[in-house]
1. Pick out which of Ile73, Ile121, Ile44 has the largest mean-square fluctuation in a Gaussian network model of the chain, springs linking Cα atoms closer than 10 Å.
2. For Ala56 and His68 in the same chain, what is the full-extension length gain: residue separation times 0.36 nm, less their Cα-Cα distance, in nm?
3. Taking N as the number of residues in region 128-196, what is its Cα Rg relative to 2.2 N^0.38 Å?
4. For region 76-153, I need the span (max minus min coordinate) of the C-alpha atoms along each principal axis, in Å, sorted largest to smallest.
5. Between Asn90 and Ala104, 0.36 nm times their residue separation minus their Cα-Cα distance comes to what?
6. Per DSSP H run of at least 4 residues, take -39500 (n - 2.57); add these up for the chain, divide by its residues and hand me the 222 nm value, nearest 500 deg cm²/dmol.
7. To test your reading of the geometry: what angle, between 0 and 90 degrees and rounded to tens, separates the Cα axis of helix 106-115 from the longest principal axis of the chain?
8. Mean-square fluctuation check for the chain, GNM, Cα pairs under 10 Å: which of Ser75, Ser67, Ser181 is largest?
Amino acid sequence: MKILYPEEVFKRRNEVGGSIEVICGSMFSGKTEELIRRVNRARIAKLNVEIFSPVADTRYDKSALVSHNLNSIPSKAVDSASSILPLSDNIQVVGIDEAQFFDAQIPEVCATLANNGVRVIIAGLDMDFKGRPFGCMPQLMAMADSVTKLHAVCVKCGQQAMYSYRLVPDDSKILLGEKESYEARCRNCFNLDGAI
Ligand code: ADP
Ligand code: MG
Ligand code: ZN
C-alpha cells in the first residue's frame, strides 16, 4: 500500500503498535457516544488525541462532535481525507466520525496512520437510508482490526434497529438531518413502508 506521508513525522508511536477500530451502525445507534467514550479513555491514559469530522457534515458545531444525548468533545472539521495526515503529527490516537461522508482516500489514510503506529477509531453509518452500503464503510470494515456494530431501538416496535428510515420524500443519497428526517427501524418495520 502506498505510504502517503513520511514515516518520520509520527514521532511518538504507540508502544503496542497501530490499529483500526471501526464503529458502525444506524443513526441513533450510539456511534458518536462510543467514539467519545473510547477517546476519553485514551485521554485519561495521557495519550495525544485528535478528532476529525468531514466538513460536509454541517449539522453541528464545526469545532466539536456532539452525540444525540448531547455529549460533546472538541474536533476538527476537514475537507478531505488527506488533510487528516498533516494534522496528525505527534498524535497517538486519531478519532474520526461520520466516515461515510469522507472521500475515497479515507481507507488508505487510516491504513497509513495505523501502519505508522497510530490507533485509529473511526465511526460511520454502515448503510444509507435504502439499506445500501454507505461510502467507504465496507472497505474500512474489511481493513479494520476490530469492527463494532451498534444498534438503535426501533421507534415502531422496540426491537433492535439497524436501519435509518428516511421520513421525508427525497431520493438523494445524502440528506443531512436528525429526528425530523430519520428514524431508527428494525428490518420488519423498515420493510413495512416499502423503503426498498
Ligand atoms: P449515532 O452517532 O449512532 O447517531 P449518538 O451517539 O449520537 O448516535 O446518539 C445515541 C443516543 O441517541 C442514545 O444514547 C439515545 O440517547 C439517543 N436516541 C434517540 N433515539 C434513539 C433510538 N431510536 N434508539 C437508540 N437511541 C436513541
Ligand atoms: Mg453520530
Ligand atoms: Zn420494529
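Just so you know, all these numbers are worked out from the coordinates, no wet-lab data involved. All of these numbers come straight from a predicted model, not from anything done at the bench. With ideal geometry, Cβ positions are generated from the backbone for all residues, glycine too; neighbour counts draw on all protein chains shown.
1. Ile44
2. Net length gain for the segment: 2.5 nm.
3. Compared with the compact-globule rule of thumb, region 128-196 sits at 1.17.
4. Answer, in whole Å and largest first: 38, 25, 21 Å.
5. 2.6 nm
6. On the way: 4 runs with 37 residues, N = 196.
Here the helix-only value at 222 nm equals -5500 deg cm²/dmol.
7. 40 degrees
8. Result for the chain, Cα springs under 10 Å: Ser181 fluctuates most.
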